[in-house]
Amino acid sequence: YVWKPLSGNQSYIVGSYIVPLSAVRISLPMIGNIDSTPYPEMVFITSGSGGTARDMYALKFEPSATKGNQIALKWILPHTDNTGVTGATLFDFDQDGRNEIVYRDETTLRIIDGSTDPGVDTNGDGVGDGIKAIFENVRSGTLREFPIIADIDDDGQAEIVVSGWDGIANTINGVAANTANGYLR
């Protein structure tokens, strides 16, 4: 639900979106402008039991619709996060006034142009046209985490920082301490 708080009992529901029942876990929404409209979009991640319903949703505001019906689906993009509670980050890398979505699931980090459906592949290369960059083998068990974007080396360029793991058991004195070695990338 999205609601408009107003004083004097004037608040109203702007709109809502019903996520499929198979999506039992839903992340916190990320809100920001990912296209050329003056209205922000909402992006969130879902996952269901047994690895089903693993999707990223983008919802948009429809100002011409009636009150209560002004939230609509913009697009859905599949991902590999089983938890369904990871977050995404917004950053305008090309400085065109539209934020790109930076999302890392359990295997891949993607920079996504969300202005249109990023999963549509019109040139037949097997990658959605809205996927601007892919970084493979950026593994993580994922849980309530998201990429951080900052100029960490003071060179005037933004870097993307994520935590992750390598899937190799770490041993201390010959005893397996855990199931993986953690990394900051």
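Couplings 3J(HN,Hα) for the stretch 33-46, derived from phi with the Karplus relation 6.51 cos²θ - 1.76 cosθ + 1.60 (θ = phi - 60°), are 7, 10, 9, 8, 6, x, 10, x, 9, 10, 10, 8, 10, 10 Hz, where x marks Gly and Pro. For the pair TYR1 and ALA133 in one chain, pulling the backbone fully straight at 0.36 nm per residue adds 44.3 nm over the alpha carbon distance. In this structure, the amide hydrogen of ALA53, modeled 1.01 Å from its nitrogen in the peptide plane, lies closer than 5 angstrom to those of GLY48, counting only residues at least 5 positions away or on a different chain. For THR116, the solvent-accessible surface computed with a 1.4 Å probe is close to 90 Å², ligands and nucleic acids excluded. GNM on the chain, alpha-carbon springs under 10 angstrom: the most fluctuating residue among ASN123, ASN33, ASN82 is ASN123.
Can you work out the accessible area per residue across the chain, with the rest of the protein chains kept in place, probe 1.4 Å, in square angstrom?
On the way: 10510 Å² over 185 residues.
Result: 57 Å² per residue.
For ALA158 and THR122, compute 0.36 nm times the residue count separating them, minus their Cα-Cα distance, and round to one decimal in nm.
Details: separation 36, 0.36 × 36 = 12.96 nm, distance 2.97 nm.
My answer for the length gained is 10.0 nm.
When nucleic acids and ligands are ignored and a 1.4 Å probe is applied, ILE31 ends up with an accessible area of around 110 Å². Carbon and sulfur: what percent of the chain's accessible surface (1.4 Å probe)? The computed percentage sits at 54. The residues ASP151, ASP55, ASP35, sorted by heavy-atom accessible surface at 1.4 Å with ligands and nucleic acids left out, run ASP151, ASP55, ASP35 from largest to smallest. Here the chain yields Rg over Rh of 1.03, to two decimals, using C-alpha coordinates and the Kirkwood radius.
For the chain, the relative contact order is 14 percent, taking Cα pairs closer than 8 Å that sit 6 or more residues apart in sequence and dividing their mean separation by the residue count. For a straight C-alpha distance cut-off of 18 angstrom, the lysines reachable from LYS60 (same-chain residues fewer than eight places away being disregarded) are LYS4, LYS74.
The values are calculated or read from the model by the stated rules, or taken from the named source; none is laboratory data. Just so it is clear, the structure is predicted and the values come from calculations on it, not from any experiment. Heads up: the accessible areas ignore ligands, DNA and RNA and are worked out on the full protein's heavy atoms, side chains in. Shrake-Rupley method; radii C 1.70, N 1.55, O 1.52, S 1.80 Å.
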